[in-house]
1. How much length would be gained if the chain were fully extended between Thr112 and Val73, taking 0.36 nm per residue of separation minus their Cα-Cα distance, in nm to one decimal?
2. Could you calculate the FRET efficiency of Val23 with Leu92 from 1/(1 + (r/R0)^6), where r is the beta carbon distance between them and R0 is 41 Å, rounded to 0.05?
3. Sort Ser45, Ser174, Ser102 so the one with the fewest other Cβ atoms within 10 Å of its own Cβ comes first.
4. Of Val103, Leu121, Ala90, whose Cα points farthest to the positive end of the dipole of region 70-131 (charges on the beta-carbon: +1 Lys, Arg; -1 Asp, Glu; origin at the Cα centre)?
5. Between Leu104 and Val151, what length in nm is gained on full extension when 0.36 nm per residue of separation is reduced by their alpha carbon distance?
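Only the coordinates and a few stated rules stand behind these numbers; no lab work does. The shown structure was predicted, so the numbers you read here are calculated from the model rather than taken from an experiment. For neighbour counting, all protein chains shown are included, and Cβ atoms are generated from backbone atoms with ideal geometry for every residue, glycine included.
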Amino acid sequence: MNFEKHFEASKEIAPELVRYRIVAQRTDSEHPGAVRLTNYAYGRSVEEVLTKVRKVLDKPGGLYGDAGLYRVVEVVEESPDSGVRQRERADLMRLEALVRESVLPRTHPHTTARRRVLEALGEAGGLCTARTRDADGDVIVCTLEAGHYDVDDRPPFKDGKPGGWHKADGVIWSDSGGACVPHGAL
Ligand SMILES: [Zn+2]
């Protein structure tokens, strides 16, 4: 048998308040009351709602008080919008799956498009972080794997001197350029 009591249920609830379910267990099996009592209260924290509920029930002779008939065994956050949050999380996971399964395969390795998709998925950590600015002043970030940099690397154009080269789409650059943030630096 369960007995439910709603505190403040009819009052206007401030949106930042979270609804908590407080379950109290009967301590005395001889007591004819319900085995478990479920109370609801709104507050900003577990401590706050417990204080609130105890104010009502913890007084001498009260259910949680001297009589000691009930003992709180569980306080569970039961936000009225937890269902909304769950749906949002599910939507986000579906979106992530879509990006992973159909957008990512359509980008070519070592392109800015691939890097952007990996960044959206939070998986760009394995990429080089060197960056420079193109002729328009826009920042371009290297699209090669982290650690690819090799000072003995020769660029793929005629007369290019070794010195390590980063690459993003059609642009390649060396760490020695003025506008460059070298590999390894953030
Ligand atoms: Zn690089």
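1. Numbers: separation 39, 0.36 × 39 = 14.04 nm, distance 5.41 nm.
Result for the pair: 8.6 nm of gain on full extension.
2. On the way: r = 31 Å, r/R0 = 0.76.
Here the calculated transfer efficiency is 0.85.
3. Working: Ser45 12, Ser174 20, Ser102 9.
Sorted ascending by nearby Cβ count, the order is Ser102, Ser45, Ser174.
4. In region 70-131, that residue is Val103.
5. Details: separation 47, 0.36 × 47 = 16.92 nm, distance 3.08 nm.
In short, 13.8 nm is gained.
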